[in-house]
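K.L.:
Before I ask anything, let me first share the structure, which is written out below as structure tokens.
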Protein chains: 2
Amino acid sequence: MNFFDENPITSADKCFIQLRNDIVKGSIEAGSKLSEPELSNKLGVSRAVIRESLNRLEACHLVESKANVGARVVALTAQGLIELYQVRESLEGMAARLAAVNMSDEEIEALHKLLSSHFETVKSDETYYQEAGDVDFHYRIIIGCKNNHLITILIDGIYHLIRMYRVQLGMSGPRVTTAFDEHKNILQAISNRDPDLAEMLMRRHIVYTRKSLKNKLIV
Amino acid sequence: MNFFDENPITSADKCFIQLRNDIVKGSIEAGSKLSEPELSNKLGVSRAVIRESLNRLEACHLVESKANVGARVVALTAQGLIELYQVRESLEGMAARLAAVNMSDEEIEALHKLLSSHFETVKSDETYYQEAGDVDFHYRIIIGCKNNHLITILIDGIYHLIRMYRVQLGMSGPRVTTAFDEHKNILQAISNRDPDLAEMLMRRHIVYTRKSLKNKLIV
DNA sequence: AACTCACATATTGTCGACAATATACTCTAT
DNA sequence: ATAGAGTATATTGTCGACAATATGTGAGTT
């Protein structure tokens, strides 16, 4: 029997992750066409592998494809950003609600420590917080909700699209410290096992973020 | 130039729809293995087409697959049902909220008429309402929210899984008339352009439904 | 009898080729 | 010169075959 049950990573997995990173990062630019033969050459795999990767990318809303025409990277639009954040508000609000009930005391304790360490970093370096810290905080609450459907939809489904908007529109700025306080309050509600308040605060937090993004989107 | 821009349906599309129906209906039973060669023979298409269909079914959470092992139809569990309905509560609540703002007066008027016709049917035949009427009501509100992300996640993503639970666990019974009243109240809130109330009523409606399902699930 | 290891079988992963469809181009007619 | 039709090219959709991995079977050992 194998002790190390390491899950095997297929070519399609690697291609999918590679392409996903390139798209989020912008190396493959938003709205551009994804030619199967071209990618096949570039990545050194067969078209079958590329096609499977593209299907998965479509499932997480990073590409759109039409039959007999092909796949394109999604376009980043103001409307799309708003719609995405409305979905996020809804789902992460529910995640916070469930986390207030389902997170273990250990997880909550660990999250307190994470926020403390963020506080130290915030004072010295603003950028770190926005790029990794915020993501990490939300990530832990999503995991803490213990609802596998919700986790899948958020992490596999829309998380990377959110990252794509953040990376390519360059999120950072004056919201850093206020966002930090909002995180603190959300965690407090979860610590108090108050689902209603946790959901409300998370939704407000996301609405605020959306509004601040909207301002910057004079693209 | 073609006048009728009918979108071409590929073999993979047809297979996907066929398999989806069979899974929802239970012809392919929950939890069973989906063998690629077997399906390939049965449906008379190549494995490539089957594989693409299976990938799409995985994207709507109707099958789960492991690398080098294969795909299985999802199992229907009490826990899964609860998780699914929590997601539904969150997303359809948001849909109702947005519908209160974004639905056109014409759409609202049409929905009033739909409910009236349901009322007639409810009095004579209970089953119709639960199977088609309820679905149709929710469907129209989802479309009415005008948020394409939300629409995609609900319709393409989890709608059919909900149907699968409903069909295979046999939903019907004493909730018919109370559910009808709840629909009426939700629509009233939307008519009044009251997003907060619309969301709250929709969420309650779904929570009630979940609880009544949970009672029947002594499976 | 139960366990382990090796082998045989079946299934999934990947590939290259052909068919069907869409796109780009050229040539003609107005 | 422009619009349209027809052809040429390229891309996507589908297929069958081979390679890699997992599953099932049976012999051999304790």
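K.L.:
Describe numerically, in nm with one decimal, the distance between label points set 7 Å from Cα along Cα→Cβ at A:Q168 and at B:I9.
P.N.:
Distance between the two pseudo-spin positions: 3.3 nm.
K.L.:
Averaging sequence separations of C-alpha pairs under 8 Å and six or more residues apart, then dividing by the length of chain A, give the relative contact order as a whole percent.
P.N.:
Normalised by residue count, the contact order of chain A is 27 percent.
K.L.:
Once you charge only the Cβ atoms, +1 for Lys and Arg and -1 for Asp and Glu, what is the size of the charge dipole of chain B about its Cα centre, to the nearest 20 debye?
P.N.:
That gives chain B a dipole magnitude of about 800 debye.
K.L.:
Say we join alpha carbon atoms closer than 10 Å with springs in a Gaussian network model of chain A; which of A:L39, A:L197, A:L150 then has the biggest fluctuation?
P.N.:
Largest GNM mean-square fluctuation: A:L39.
K.L.:
How large is the Rg to Rh ratio of the stretch B:21-76 when both quantities use alpha carbon positions and Rh follows Kirkwood?
P.N.:
Using Cα coordinates only, the ratio equals 0.93.
K.L.:
Where the accessible area of the protein assembly as shown is counted over protein heavy atoms with a 1.4 Å probe, how much of it, in %, is carbon and sulfur?
P.N.:
Within the protein assembly as shown, the accessible surface is 51 percent carbon and sulfur.
K.L.:
Additional query: Mean separation of Cα pairs under 8 Å and 6+ residues apart, divided by the residue count of the stretch A:11-73: what relative contact order is that in percent?
P.N.:
Reported relative contact order: 42 percent.
K.L.:
Provide, as a two-decimal number, the C-alpha radius of gyration of the protein assembly as shown over 2.2 N^0.38 Å, N being how many residues it has.
P.N.:
Relative to the 2.2 N^0.38 Å estimate, the protein assembly as shown comes out at 1.03.
K.L.:
Where does the charge balance sit around B:S11 when Lys and Arg score +1, Asp and Glu -1, over other residues with C-beta under 15 Å from its C-beta?
P.N.:
Once positives and negatives cancel, what remains is +4.
K.L.:
Return the whole-Å distance between the Cα centroid of the stretch B:32-71 and the Cα centroid of the stretch A:28-80.
P.N.:
Taking the Cα centre of each part, the stretch B:32-71 and the stretch A:28-80 sit 21 Å apart.
K.L.:
In whole Å and largest first, what semi-axes does the C-alpha gyration tensor of the stretch A:29-125 yield when each eigenvalue is scaled by 5 and square-rooted?
P.N.:
38, 18, 16
K.L.:
Let me ask another. Label position 7 Å from Cα toward Cβ: report the copy-to-copy distances for B:N102 in nm, one decimal, ordered from shortest.
P.N.:
List, nearest first: 2.7 nm.
K.L.:
Another question, then. Just to be sure I understand: with springs between alpha-carbon atoms less than 10 Å apart, which residue in A:K66, A:K25, A:K33 has the highest mean-square fluctuation in the Gaussian network model of chain A?
P.N.:
A:K66
K.L.:
Once you average over the residues of B:85-94, how many Cβ atoms of partner chains fall within 10 Å of each Cβ?
P.N.:
Going residue by residue through B:85-94 and averaging, the value is 5.
K.L.:
Let me spell out the model: positive unit charges on the Cβ of Lys and Arg, negative unit charges on the Cβ of Asp and Glu, origin at the Cα centre of the protein assembly as shown. What dipole size does that give, in debye rounded to 20? Numbers along the way, then the final one.
P.N.:
Details: 54 positive and 58 negative charges, 51 e Å.
Dipole about the Cα centre, nearest 20: 240 debye.
K.L.:
Quick one: net charge around B:D156, please, counting Lys, Arg +1 and Asp, Glu -1 for every other residue with C-beta under 14 Å from its C-beta.
P.N.:
-1
K.L.:
Please compute, for peptide A:157-167, the average count of beta-carbon atoms on other protein chains lying within 10 Å of each residue's beta-carbon.
P.N.:
Average neighbour count from other chains, rounded to a whole number: 1.
The values are calculated or read from the model by the stated rules, or taken from the named source; none is laboratory data. Since this is a predicted model, take the numbers as computed values, not measurements. Reconstructed Cβ throughout: ideal geometry from the backbone, glycine too, with neighbour counts over all protein chains shown. These accessible areas exclude ligands, DNA and RNA; they are computed on the full protein's heavy atoms, side chains included. Shrake-Rupley method; radii C 1.70, N 1.55, O 1.52, S 1.80 Å.
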